[in-house]
Amino acid sequence: MKKRLRKRTPTRKKASGRLPSALSSDVSLLEQKCKNLFDLTSDLIQIFKVDGTIIEVNASWRITLEYDERDLANLTVYNLLLPKYRMECEEIFLAVLRDGRPRKFQGSMITKSGQEIAVEGTVSRLLCEDRPCALSAIFDDVTRHKHYEKLKDEFISTVSHELRTPLTVIREGVSQVRDELMGPVAESQKTMLDMVLQNSDRLGRIIEEILDVSRLEAGRVRLHRKLCNIVDVIKEVVGNFKAIIKRKDLELLTDFPSDTIEIYIDRDKIVQIFTNLITNSLRFTEKGRITVRLRSQEDFVECSVSDTGRGISKEDLAKAFNKFSQFAREIGPGDRGTGLGLAICKRLVELHHGRAKIESVPLKGTTVSFVLPRYTHRELFKNSIVGALSRCVEEGGHLSIIIFDVLDFEMLEKRLGFRQMENIVVQLEKLINGALRRVADVAIKDTKAIMVLLPDTHKDNAHVVMGRLLQVVEDYLIREKKLPKMEVHGSVVCYPEEAVTLEEILDRIYAQ
């Protein structure tokens with residue numbers, strides 16, 4: 001008899017925990033590609049914990065910084081950074097770990113042999129089981145690029161300085177001839193000499209703009225921010241243009257919401273911005289008006305300069321803030337500018353942590369506007385300390401901070417009200433700023449105190465300055481009969497004698 005074969009139903013194999021061979025090979029290929037990318041890229045890649053402990057680095061990192069695997073156990077990211085960048089880097093790492101948003105970083109690292117390597121790149125957060133566990137930094141070695149940039153800046157700066165001296169001599173000589181100090185000059189000769197003087201002045205302005213750009217790009221421009229009424233600043237600038245406005249038969253209008261808008265700015269830099277913008281508008285406006293506006297908000301002040309000139313095409317507008325950008329330039333005589341004015345304005349606004357933009361319609365006019373943030377006094381003071389402290393670390397200098405406290409502030413506030421006490425502290429801040437003798441020194445008020453930043457000042461000298469300023473304050477309080485009786489106390493915190501890090505300095509200040 002034939003045996004009946006039973007049809008077997010296929011049985012499902014128990015899961016072995018292994019991937020199917022095709023999928024497994026795909027994963028292996030992906031892992032190999034990632035490893036190749038990690039090891040073969042020319043970028044410097046490092047993975048590390050927030051405390052700086054290095055977890056893994058790639059081959060380019062080891063070759064560039066001259067360390068091998070055995071060295072990593074004794075290194076941290078902070079050991080490898082140039083000291084002046086450590087504080088900034090720590091703040092970036094904590095911010096990335098906190099919100100997960102990648103941050104850019106520029107700085108310098110030190111190789112095993114002590115060589116300085118300029119790097120720039122991005123710091124990102126890594127997650128393990130949906131929780132932040134480490135950071136990664138992907139840097140480019142830009143040492144050679146920075147070196148060439150430095151050589152270029154030095155060349156421009158040297159040439160500009162060398163041009164300025166003979167230009168001054170030429171202008172002075174022509175001016176003396178024009179003013180007939182060397183003898184009578186015919187009217188036709190005076191016309192020619194006037195043309196020489198005008199073009200000498202133009203060349204002088206070009207040299208100054210090139211020097212400004214060179215200093216800005218080299219990071220040698222430092223702001224000296226103080227509390228200013230920006231309305232008064234603009235009125236001063238506008239007043240300087242009255243003669244040329246009248247000569248060109250134009251209108252120069254102002255639009256301010258009030259006569260007083262106080263904000264922490266570098267007064268000279270803001271004057272330079274408005275002077276450049278109004279000069280630009282005059283250059284390209286034949287008829288109509290130029291309007292300077294201010295808009296005051298709680299967190300910022302918006303400034304703008306508008307004109308009814310020839311405008312800029314849509315294609316050229318995107319390049320308006322680029323260096324040496326000149327639009328619709330005409331052949332022939334006349335001051336057409338260098339194309340550096342807007343680039344300088346944008347950089348100065350950015351140094352104030354603001355932003356600039358430009359809008360234009362051909363044949364109808366152009367508006368350049370920028371926003372200046374209104375920092376709280378504490379934010380501004382912290383930023384000022386960070387900048388001064390970085391320079392001290394870099395140059396091995398000293399930093400002293402004087403704290404002036406109004407004693408019994410709370411009692412006086414209850415008696416006089418918050419607004420009046422705030423006005424008194426503001427007046428004391430202005431008084432102390434006026435009594436400071438160096439441009440780098442600055443006084444910034446907090447709610448009930450005034451803090452004076454004294455870069456490159458030893459502790460002993462800081463106490464001398466404190467004594468002089470206390471005398472100025474006491475004389476003022478005695479002289480102003482309307483002010484209530486109050487006492488101001490002074491104290492000093494010094495780097496590096498008493499505090500080394502930003503946190504230590506702030507703790508000492510607010511513990512006073």
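The values are calculated or read from the model by the stated rules, or taken from the named source; none is laboratory data. Note that the structure is a prediction, hence the values are computed from the model and not measured. Note that each Cβ is placed from the backbone with ideal geometry, even for glycine, and that neighbours are counted across all protein chains shown.
Residue count for region 423-446 under the criterion of being part of a helix (DSSP H, G or I), of a type outside the set (S, T, N, Q) and either crowded, with 21+ Cβ neighbours inside 10 Å or touching a residue at least 24 places away in the same chain (Cβ under 8 Å) (or both): the result is 9. Of all residues assigned to region 392-400, none qualifies as being modelled with pLDDT of 85 or more, part of a helix (DSSP H, G or I) and over 22 Å from His463 (Cα atoms).
Considering each of Arg293, Arg283 in turn, give the residue that is modelled with pLDDT of 95 or more, surrounded by fewer than 19 Cβ atoms within 10 Å (Cβ to Cβ) and among the charged types (D, E, K, R). Break it down stepwise before answering.
On the way: Arg283 fails: modelled with pLDDT of 95 or more.
Of the residues listed, the single one that is modelled with pLDDT of 95 or more, surrounded by fewer than 19 Cβ atoms within 10 Å (Cβ to Cβ) and among the charged types (D, E, K, R) is Arg293.
Checking each residue in region 401-422 for being surrounded by fewer than 17 Cβ atoms within 10 Å (Cβ to Cβ), assigned to a helix (DSSP H, G or I) and without any contact (Cβ under 8 Å) to a residue 40 or more places away in the chain picks out Phe409, Glu410, Met411, Lys414, Phe418, Arg419, Gln420, Glu422.
Condition check ((1) of a type in the set (Val, Ile, Thr); (2) over 27 Å from Leu436 (Cα atoms)) across all residues:
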position	(1), (2)
Arg355	no, yes
Val368	yes, yes
Arg374	no, no
Glu379	no, no
Asn383	no, no
Gly387	no, no
Ser390	no, no
Ile401	yes, no
Asp405	no, no
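Among Leu94, Leu75, Leu65, which is touching a residue at least 24 places away in the same chain (Cβ under 8 Å), closer than 28 Å to Ile505 by Cα and outside the structural domain of Leu506 (by TED's automatic domain parsing)? Spell out how you get there, then give the answer.
Values: Leu75 fails: touching a residue at least 24 places away in the same chain (Cβ under 8 Å); Leu65 fails: closer than 28 Å to Ile505 by Cα.
Exactly one of Leu94, Leu75, Leu65 is touching a residue at least 24 places away in the same chain (Cβ under 8 Å), closer than 28 Å to Ile505 by Cα and outside the structural domain of Leu506 (by TED's automatic domain parsing), namely Leu94.
Only residues that are part of a loop (DSSP other than H, G, I, E, B) and hydrophobic (A, V, I, L, M, F, W, C) were counted in region 288-318, giving 2.
Looking across region 447-484, the residues that are closer than 22 Å to Cys392 by Cβ, in contact with a helix residue (DSSP H, G or I) (Cβ under 9 Å, 6 or more places away or on another chain) and assigned to a loop (DSSP other than H, G, I, E, B) come down to Asp456, Thr457.
Summed over region 376-391, residues that are surrounded by 17 or more Cβ atoms within 10 Å (Cβ to Cβ), at pLDDT 75 or above and farther than 18 Å from Cys494 by Cβ total 1.
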